[in-house]
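Report on the following structure.
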Amino acid sequence: MARAVWSGALTFGLVSLPVQLFTATDSHTIRFHQLQRGTSDRVRNKRVNERTGDEVPPDEIVKGFDAGDEYVLVEPEELEDIAPGRSREVEITGFVDLEEVEPIFFDRTYYLGPRDEQYAKVYALLENALEHSGKVGIATFVMRNHEYLVAVKAEAGILTLHTLHWADEIRDPHQEVAHLPDGAKASGRELKMAEQLVDSLSMDWDPADFHDTFQERVQELIKAKKKGETVEKAEQPAESTNVVDLMDALRASVDQAKSKEPARRLTKQAAARGRSAPSLESLTKAELYELASDSGIAGRSSMRREDLIKALAAEQRQHQAAS
């Protein structure tokens, strides 16, 4: 079982539920060590006194706030003293509809669990109430010397806690992003074609279909370099669409999306007549993607055309071996 990152009480009204907080996500980022070029010597970061150059042990390091003419030193226990209750309690101050919390506010996700079996009933009560009402509990609490605004939500039979950004942490896009469309509008024909493209590319959401292809490529690169081999370079990004050619690009995109259905129909007709299906190499990427969707190949949305061919060929070999 995972280790709790925080323990305390979740309160709503006069009800207090002892809970534990668990990390809900994991990172699969490949981490590299720093080495001095030409050697296998690790390069490590050290905490040093900038005046003497001497390394400073962790127990001699304190927090200091730069007040201009001097540093104000703060000890860890002093931070705990000013928020003793808040550091051990998630107090729900109210409930709001989930739709009211805009996606930009969400940050990290944690699982909430009852601290002991005896609290399972109270836990289930709150989970069921949130599930049936479609609301989330808004609360604040302190963890590791930071105060968090959070939303407590019911998801698939458990309670989850989502840390939220504070309102003053959200940047104004009009001040941050240049070249935003100011009054620019698409023509009726362009808008209709764009909506048709969106409809043609609509799909069922399955997060398992997506995976970190860059990390996979990094692993391939590491294996290849270990063997003294090289890896194929990634495809160059598509050229930007010229405004003059926008309608043509939209029309071509819709035609490409519609080409999925013929691929499926050809394959099914060939199978029904006992004939071989069209070769994978003869199909477009859209047709290959459609076959990959029918076969339930994970990660197909991020695959290039040659990756789709390889995945489908491997799936066909497995099917033939099983039969």
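Each value in this text was obtained by applying a stated rule to the coordinates, not by laboratory testing. Predicted, not measured: the structure shown is a model, and the values here were computed from it. Methodologically, a virtual Cβ is constructed for each residue, glycine included, from the backbone with ideal geometry; neighbour enumeration extends over all protein chains shown.
Karplus-based coupling profile of segment 152-160, in residue order and whole Hz: 9, 10, 8, 9, 6, x, 10, 9, 10, with θ = phi - 60° in 6.51 cos²θ - 1.76 cosθ + 1.60 and x standing for Gly or Pro.
In sequence order, segment 25-31 has phi-based couplings of 10, 9, 9, 10, 5, 6, 9 Hz under the Karplus curve 6.51 cos²θ - 1.76 cosθ + 1.60, θ = phi - 60°, and Gly or Pro positions carry x. List the pairs from LYS135/LYS185; LYS192/LYS285; LYS63/LYS121; LYS153/LYS285; LYS223/LYS310 whose alpha-carbon separation is above 31 Å, in the order I gave them. Flagged as over cut-off: LYS135/LYS185; LYS63/LYS121; LYS153/LYS285. If you take all other residues with their beta carbon under 11 Å from the beta carbon of TRP166, and give Lys and Arg +1 and Asp and Glu -1, the sum is -4. Put in line by how crowded their Cβ is, counting other Cβ atoms within 10 Å and starting with the fewest, MET1, MET143, MET203 read MET1, MET203, MET143. Here the residues VAL136, VAL48, ranked from fewest to most Cβ neighbours within 10 Å of their Cβ, fall in the order VAL48, VAL136.
If you plug the beta carbon distance of HIS132 and GLU99 into 1/(1 + (r/R0)^6) with R0 = 22 Å, you get a FRET efficiency near 0.90. Spacing of the modelled spin labels on THR52 and ASP116, each 7 Å from Cα toward Cβ, amounts to 4.9 nm. Charge dipole (Cα centre; +1 on Lys/Arg Cβ, -1 on Asp/Glu Cβ; no other charges) of the chain amounts to roughly 2140 debye. Using the alpha-carbon atoms, what tilt in degrees (0 to 90, nearest 10) does helix 305-322 show relative to the longest principal axis of the chain? The angle comes out near 80 degrees. Exposed loop sites, defined as GluC sites (Glu not before Pro) outside DSSP H, G, I, E and B with at most 14 other Cβ atoms within 10 Å, are absent from the longest region of the chain, namely 71-228. Among residues other than PHE95 with Cβ under 15 Å from its Cβ, the summed charge is -4 (Lys and Arg +1, Asp and Glu -1). Over all other residues within a Cβ to Cβ distance under 14 Å of ALA156, the charged ones net out to -2, with Lys and Arg as +1 and Asp and Glu as -1. Look at the alpha carbon pairs under 8 Å that are at least 6 residues apart: their mean separation over the length of segment 44-93 gives a relative contact order of 17 percent. Couplings for segment 184-190, taken from phi via the Karplus curve 6.51 cos²θ - 1.76 cosθ + 1.60 with θ = phi - 60°, read 6, 10, 7, 6, x, 5, 5 Hz in order; Gly and Pro are left as x. Restricting segment 199-235 to chymotrypsin sites (Phe, Trp or Tyr not before Pro) that sit in a DSSP loop and have at most 15 other Cβ atoms within 10 Å of their own Cβ leaves TRP205, PHE210.
The distance separating the Cα centre of segment 103-158 from that of segment 21-92 comes to 28 Å. Note on VAL96, VAL101, VAL142: ascending count of other Cβ atoms within 10 Å places them as VAL96, VAL101, VAL142, the fewest first.
Near the amide H of LYS63, within less than 5 Å, lie the amide hydrogens of VAL74, all on another chain or at least 5 residues away, with H placed in the peptide plane.
What distance in nm separates the simple spin-label points at ILE30 and ASP182, each placed 7 Å from Cα in the Cβ direction? Modelled inter-label distance: 4.5 nm. Report summary: the helix-based calculation at 222 nm, which adds -39500 (n - 2.57) for every DSSP H run with n ≥ 4 and divides by the residues of the chain, gives -10000 deg cm²/dmol.
For ARG217 and GLN318, FRET efficiency with R0 = 35 Å and r from the beta-carbon atoms, rounded to 0.05? So the FRET efficiency works out to roughly 0.90.
Here's the picture: charge each Lys and Arg Cβ at +1 and each Asp and Glu Cβ at -1 in the chain, and of GLN215, VAL19, TYR110 the one pushed furthest to the positive end of that dipole is GLN215.
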